[in-house]
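One structure below.
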Amino acid sequence: MVTEASLSTRIMREDGEITPRSARISYFPLVVKSGSGSKLEDVDGKQYIDFLASAAVLNTGHAHPKVVQAIVEQAQELIHYTSGYASHEHQVKLAQELARITPGDFKKRVAFGLSGSDANDGMIKVARAYTGRSKIVSFIQAYHGSTYGSISLSALSLNMRRKIGPLLPDIYHIPYPDCYRCPLGHCQESCSMECLGQLKMAFEHYLPPEEVAAVFMEPIAGDAGIVVPPKKYVQELYNLCQKHGILFVSEEVQQGFGRTGKWFGIEHFDVVPDAIVMAKAIASGMPLSAIVAREEIANFLEAPAHLFTMGGNPISCRAALATIDVIEEEQLVERSAELGQYVRERFEKLQEKYPIIGDVRGLGLSIGVDLVADPVTKERAKDAAAKICYRCWQKGLVLIFLAGCVLRVQPPLVISKEELDQGIAIIEETIKEYLNGEIPDDVLQVVKGW
């Protein structure tokens with residue numbers, strides 16, 4: 001634990017007196033001062049390997065020199081002028097670049113915002129306007145953000161929904177295809193896509209498909225525990241959407257920009273979405289989001305239906321252009337695929353040694369390590385995850401858990417193999433300490449998680 005005399009302790013105490021409970025998820029008292037590459041330093045000078053990348057935001061790493069240079073140069077020239085009434089060269093160039101790197105040979109339009117939340121809200125508006133339909137389909141355990149529209153799409157935590165209703169109407173949730181913990185109790189070997197059958201049943205009995213505007217799907221359900229759906233499921237869902245004139249929206253806020261070993265996660269499934277929602281890693285930590293959609297869809301609304309005073313900020317756009325350059329120049333998409341395979345194999349070897357590791361899954365450097373109290377029943381080992389993440393932080397590794405028990409391994413894509421090995425060694429050492437009963441229960445008073 002941090003000492004009472006530490007600067008981190010003082011700042012966290014003051015933070016607790018001024019920040020509302022709704023604004024932070026408690027894992028450990030980390031007070032960040034600086035970062036470089038895949039390393040962090042706190043205000044007390046302690047160094048950390050970062051396996052979180054600021055929630056999959058910093059794919060190019062902390063303070064990449066090319067991104068920093070772009071930010072500084074732009075700040076010296078023009079900090080901002082609203083794109084609601086004017087344009088600037090870097091916003092136009094960025095829109096062209098996003099249209100280039102996203103899947104689909106069709107003509108596209110790009111709308112900018114500030115966060116994944118507002119991009120999801122915008123996509124709801126666009127889908128309903130374009131189709132003339134009101135109903136939206138999303139997934140149980142989905143997380144899409146914290147504005148009213150994105151909370152309405154989400155179905156992950158009751159704390160997001162309590163006390164604030166009513167939420168947006170006509171949003172329906174179906175089970176996400178989780179083959180490790182099938183919500184319908186089936187096993188992967190004998191799966192007949194019963195989870196997709198839930199949507200088909202809805203279409204037959206209470207949800208007229210001709211009234212559904214769009215399906216929003218994360219190509220990997222990130223905050224549900226890095227759940228990777230079967231390729232067959234995604235393709236059949238896409239075909240079902242095509243059959244009924246329903247827009248298929250790939251929500252790439254967490255999985256975009258090389259995170260999965262492709263530019264965008266949906267590219268693993270050989271389908272081309274009608275629209276992609278993106279944010280997080282788009283500008284290496286600067287506030288920016290975007291909707292990239294077929295021209296006829298994105299161009300359907302009239303101003304000011306989806307514009308923001310600060311949207312498409314010149315500094316954020318320059319940072320995003322530099323981010324794309326870095327990803328291409330340093331081959332970070334390919335690097336993510338290569339290192340992701342290496343990391344999964346390392347954890348699979350640990351799985352053979354430690355039954356507490358029930359499942360290892362993911363694509364690229366978006367990896368979930370599922371901790372279980374029993375490998376047969378797959379009971380979630382939440383206390384284990386909490387204690388292990390806290391002790392890893394004490395040992396110099398920033399790591400959190402999702403879905404109650406899944407270690408979230410999403411480091412910057414620039415991380416070295418040596419740093420990955422160091423981080424995994426810390427995790428193994430910490431697992432041993434947990435199994436030996438060496439991590440005290442009072443840790444659970446600090447670590448809450450989702």
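The values are calculated or read from the model by the stated rules, or taken from the named source; none is laboratory data. These figures come from a predicted structure and were not determined experimentally. We place every Cβ from the backbone using ideal geometry, glycine too, and count neighbours over all the protein chains shown.
Checking each residue in the stretch 330-353 for being among the aromatic types (Phe, Trp, Tyr) and surrounded by fewer than 17 Cβ atoms within 10 Å (Cβ to Cβ) picks out only Tyr342. Do we find that Ile427 is assigned to a helix (DSSP H, G or I), farther than 18 Å from Glu41 by Cβ, touching a helix residue (DSSP H, G or I) at 6+ places or on another chain (Cβ under 9 Å) and not assigned by TED's automatic domain parsing to the domain that holds Ile220 in this structure? In short, yes. Is one or more of the residues making up the stretch 103-115 under 23 Å from Ser150 (Cα atoms), modelled with pLDDT of 95 or more, outside the structural domain of Gln255 (by TED's automatic domain parsing) and part of a loop (DSSP other than H, G, I, E, B)? The answer is no, given that none of the residues of the stretch 103-115 is under 23 Å from Ser150 (Cα atoms), modelled with pLDDT of 95 or more, outside the structural domain of Gln255 (by TED's automatic domain parsing) and part of a loop (DSSP other than H, G, I, E, B). Determine whether Ala224 is surrounded by 15 or more Cβ atoms within 10 Å (Cβ to Cβ), out of contact with any Leu (no Cβ under 6 Å at 6 or more places or on another chain) and in a loop (DSSP other than H, G, I, E, B). Considered against the rule, which asks whether it is surrounded by 15 or more Cβ atoms within 10 Å (Cβ to Cβ), out of contact with any Leu (no Cβ under 6 Å at 6 or more places or on another chain) and in a loop (DSSP other than H, G, I, E, B), Ala224 comes out as yes.
Answer yes if at least one residue in the stretch 48-69 is buried (at least 19 other Cβ atoms within 10 Å of the Cβ), assigned to a loop (DSSP other than H, G, I, E, B), out of contact with any Leu (no Cβ under 9 Å at 6 or more places or on another chain) and hydroxyl-bearing (Ser, Thr, Tyr), and no otherwise. The answer is no, given that none of the residues of the stretch 48-69 is buried (at least 19 other Cβ atoms within 10 Å of the Cβ), assigned to a loop (DSSP other than H, G, I, E, B), out of contact with any Leu (no Cβ under 9 Å at 6 or more places or on another chain) and hydroxyl-bearing (Ser, Thr, Tyr).
The residues of the stretch 19-43 that are in contact with a Ser or Thr (Cβ under 9 Å, 6 or more places away or on another chain), of a type outside the set (A, V, I, L, M), over 17 Å from Val414 (Cβ atoms) and in a loop (DSSP other than H, G, I, E, B) amount to a single one, Pro29. Selection of the stretch 411-430 for residues being of a type in the set (A, V, I, L, M), surrounded by 14 or more Cβ atoms within 10 Å (Cβ to Cβ) and more than 21 Å from the chain's Cα centre (by Cα) yields Ile424, Ile426, Ile427.
Taking the condition of being at positive phi and in a helix (DSSP H, G or I), how many residues in the stretch 155-169 meet it? Selection size over the stretch 155-169: 0. Can you spot a residue in the stretch 206-214 that is under 21 Å from the mean Cα position of the chain (by Cα) and modelled with pLDDT of 95 or more? Yes, because at least one residue in the stretch 206-214 is under 21 Å from the mean Cα position of the chain (by Cα) and modelled with pLDDT of 95 or more. Checking the structure you have, find out if any residue of the stretch 375-393 is among the basic types (Lys, Arg), modelled with pLDDT of 95 or more, surrounded by 16 or more Cβ atoms within 10 Å (Cβ to Cβ) and closer than 26 Å to His62 by Cα. Taking every residue of the stretch 375-393 in turn, at least one turns out to be among the basic types (Lys, Arg), modelled with pLDDT of 95 or more, surrounded by 16 or more Cβ atoms within 10 Å (Cβ to Cβ) and closer than 26 Å to His62 by Cα.
Scanning the stretch 21-39 for residues that are out of contact with any Lys or Arg (no Cβ under 8 Å at 6 or more places or on another chain) and aliphatic (A, V, I, L, M) turns up Ala23, Leu30, Val31, Val32. Can you confirm whether Ala70 is small (Gly, Ala, Ser), at pLDDT 95 or above and at negative phi? Yes, satisfied.
Just one of the numbered conditions (1) modelled with pLDDT of 95 or more; (2) over 20 Å from Ile276 (Cβ atoms) is not true of Leu363: (2).
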